[in-house]
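Quick notes on the structure that follows.
A short reminder: the numbers here are calculations on the coordinates, not readings from a lab. Keep in mind the model is a prediction, meaning the values are calculated, not measured. Cβ: placed from backbone, ideal geometry, glycine included. Neighbour counts: every protein chain shown.
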2 protein chains.
Amino acid sequence: MTVTFKDVKADLLDQIARGVMAPGTLMPNEMDLAEKYGCARATVNRAMRELADEGIVERKRKAGTRVRKAPIRQARFSIPIVREEIEAQRAEYRYALIDRSVMDVPDWLLGRLALEPGQQVVRVVCMHWADGIPYQHEERWINPEVVPSVLKADFAKSGPNEWLLAEVPFSNAEISFSAVEATQDIADHMGCFAGNALFRTERTTWLRETAVTLVRLTYRRGHRMTTKY
Amino acid sequence: MTVTFKDVKADLLDQIARGVMAPGTLMPNEMDLAEKYGCARATVNRAMRELADEGIVERKRKAGTRVRKAPIRQARFSIPIVREEIEAQRAEYRYALIDRSVMDVPDWLLGRLALEPGQQVVRVVCMHWADGIPYQHEERWINPEVVPSVLKADFAKSGPNEWLLAEVPFSNAEISFSAVEATQDIADHMGCFAGNALFRTERTTWLRETAVTLVRLTYRRGHRMTTKY
């Protein structure tokens, strides 16, 4: 049986959880741990690095590695494509375009996308259903300077998310989660009442210094985004 | 100048972003990349591993590493202690206890915390203010079987979050984000109207198989949780 970094990590976590290695404790050095677990030092190193990345231990040059007193906890969320999110729930996915238009960038969007007045943007509004029930309302602005082909895309059959992923392979993003009260328009599309609390994610995507897109995804009432950590 | 794994990663990302390495492309092997960058193979390996962890490339045994067609994007959120969150905004933190009681576990909580009917829980309700404005409403249930000392803690001066971190050094958690309509009670505490859409996080924490706590944090109206990825 080979000892993997996951084995080492699990055992260290267990010792931390049981209080054998209490908060503040100086952990044994990697050489000693490698000997104890009967594995390569690199294996211990990787386990320690993950514990450090997850904020459970703190590594200091020369001073060694200690169990953190107040671990920095981080939750990771996958950002799926809505079609895949719906299909993963074994529901049938359906898409419909509500509106697609080319317009001058609206004032409020100037700063958000770092655009100049008079620049054009493509606005796409569409709906995503799961098993015939409204699941997500999408409102998106795309910068044609980065993706000129958007001026020819009609988004009649499928949404702009997957299309953009194929056109712009990698980019940085900022995402925020919030709660919003449904406008009458969104309520009509989502089959709820105006004023109902809906969960929203808003994402801005950048290709180095240039904004690609801003998208607002508003989920059906009661939606929860869940993860373990 | 030593070439670090971050340099290698940044350059590979840049090539992917510019389309030099398009989605689906087979990436050069690690030996060749190490020679190109003038670094150790382990340095390239770490860069590649991070790109794989982030869902940007896909590694397959024998078939090599390819740029993913639809990258799996993940967003990481720090889960801060509310006092630190408020102080990081350079606001003054204030705490107040609303209620602390010991009770039989309510029915709806049985399954959530894997408890038996008749077991006791400690319920704590408290408020966190930033610069004198309601910031977060906290409602928490704690399992005294895991932390018997909770039966003696009064939470009069400071909240149960930091207290628990000191008592239970490490644990697993499940967190979910959602939007809720403010009840009249929460609205009164938060200074908003009943029915207003509020952002909520709900977290269940486990020490191996046993539930430690379930907490509902309801944020002031308009709150956004933001991260870059």
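Here are the numbers:
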quantity: Number of positions in region A:1-25 that are assigned to a loop (DSSP other than H, G, I, E, B), surrounded by 15 or more Cβ atoms within 10 Å (Cβ to Cβ) and in contact with a Cys (Cβ under 8 Å, 6 or more places away or on another chain); calculated: 1
quantity: Any pair with Cβ under 6 angstrom, 6 or more apart, that starts in region B:74-88 at a residue that is facing chain A (nearest Cβ under 8 Å) and ends at one that is among the aliphatic types (A, V, I, L, M); calculated: B:A75/A:I79; B:A75/A:I175; B:F77/A:A75; B:I79/A:A75
quantity: The listed residue being among the acidic types (D, E) and within 29 Å of B:F177 (Cβ to Cβ), out of A:D107, A:D131; calculated: A:D131
quantity: Any strands (runs of 3 or more DSSP E) falling wholly within region B:62-113 and containing at least 3 residues that are over 30 Å from B:G24 (Cβ atoms); calculated: B:73-79, B:93-104
quantity: Filtered residues of region A:138-175 (kept if among the aliphatic types (A, V, I, L, M), part of a strand (DSSP E or B) and more than 8 Å from chain B (Cβ to nearest Cβ)); calculated: A:I142
quantity: 1 or more residues under 16 Å from the mean Cα position of the chain (by Cα), more than 8 Å from every other protein chain (Cβ to nearest Cβ) and not β-branched (V, I, T): qualifying strands (runs of 3 or more DSSP E) within region A:176-229; calculated: A:197-207, A:210-219
quantity: Any hit, region B:85-98, residues being hydrophobic (A, V, I, L, M, F, W, C), surrounded by 15 or more Cβ atoms within 10 Å (Cβ to Cβ) and closer than 30 Å to A:E167 by Cα; calculated: no
